[in-house]
Amino acid sequence: MIGLLGRQVGYQLKLLVRSPMAAFATLVIPLMVLLAVNLLYSGTRLPSRGGIAFAQFFTPAMVAFAVVNACYMSLVSSTTLARDQGILKRIRSTPLPTWVYLAGRIISSGLVALAGAVVVVATGALVYGFEIVWAGVPSALVTLAVGMFCFCSLGLAVTVLVPSADAALPIAWGTMLPLCFISDIFQPIDQAPEWLRSVASAFPLRAFADDLESALNPVTGSTAIHPAHLGLMALWGAGAAAFALLGFRWEPRRAGRRGGGSRPSGPSAGPVQDLLSARDPRPPDRGPGAGGPSA
């Protein structure tokens, strides 16, 4: 079974390599944001973070952003696309255990996220002088592992609510991008209103970004693991995983062909027609040649 899982992980990685758009969104976008924003804030220091250079704050933030891209946004879009194309339906009808397929997607997303994190850290160190605090690497790796589980679970849970592949990316970006602005991803929120920081602290992205930055902060950071933050991410991940297992859909919501007829136009035409026909009190039209009393 382990060999089967390994082959499934390899297959999912090949799909990513063969999709330039997916690779661009997962790996290149965080790197581009890192280069552009660090260039704008070159020489800036953050007094609220012990006077560290902006790159020392922003590089771990982009690591968190890379993980979110690979484990949440990419997983939402690729899974819903596979469902709309009928791939999930065909997979379910094969001897391949469903947990192997889903685990293959999750593990491959985690490996891509780890590769993105390494690329971001290496670029920050080589280009902007980001200082790697080696003593904080173990706690950063633990945080990465819990964060990957959390955001992969959230990605699978959101696919339950996404109606079609066309809506996947707008929903994924629309749910996560606002959190990025209030969760220490694009800028520190130390001067934000207290209520806004409290709202952000209830979501796992703020805890994830703060733990990464703390582990790699050479001035005020702490190499210790933060159980409260890890517990918050694990709780979100476990709840999302339970929701995904209970409501995961292997087939699209569109109604299939019935009676050899043509597929109804529009995603909701089938259910609407079923509802109207069930409520219509009129008897069916038997045609001019049908039996029955004549007028």
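The values are calculated or read from the model by the stated rules, or taken from the named source; none is laboratory data. Because the structure is a prediction, the values reported are computed rather than measured. FYI the Cβ positions are ideal-geometry reconstructions off the backbone, even for glycines, and counts take in every protein chain you see. Remember, those area values only see protein heavy atoms, side chains included, never the ligands or the DNA or RNA. Shrake-Rupley method; radii C 1.70, N 1.55, O 1.52, S 1.80 Å.
Accessible surface for the stretch 114-243, divided over its residues, is 44 Å² per residue with a 1.4 Å probe. Taking the charge dipole of the stretch 48-186 about its Cα centre, with +1 at Lys and Arg Cβ atoms and -1 at Asp and Glu Cβ atoms, the residue from LEU154, GLY116, ILE182 reaching farthest to the positive side is LEU154. Between the stretch 172-228 and the stretch 108-149, the alpha-carbon centres lie 16 Å apart. Take the Cβ-Cβ distance between SER201 and TRP250 as r, set R0 to 51 Å, and report the resulting FRET efficiency rounded to the nearest 0.05. In this case the efficiency is close to 0.90. Take the stretch 1-76 with all the other protein chains still there, run a 1.4 Å probe, and you get 46 Å² of accessible area per residue. Put simply, the convex hull of the Cα atoms in the stretch 68-177 casts, on average, a shadow of 8.1 nm². Percent of accessible area on the stretch 34-131 owned by carbon and sulfur, 1.4 Å probe? Of all accessible area on the stretch 34-131, carbon and sulfur atoms account for 66 percent. In terms of accessible area, using a 1.4 Å probe and ignoring ligands and nucleic acids, VAL17, VAL68 rank largest first as VAL17, VAL68. Under the criterion of Cα pairs below 8 Å and six or more residues apart, the relative contact order for the stretch 32-96 equals 20 percent.
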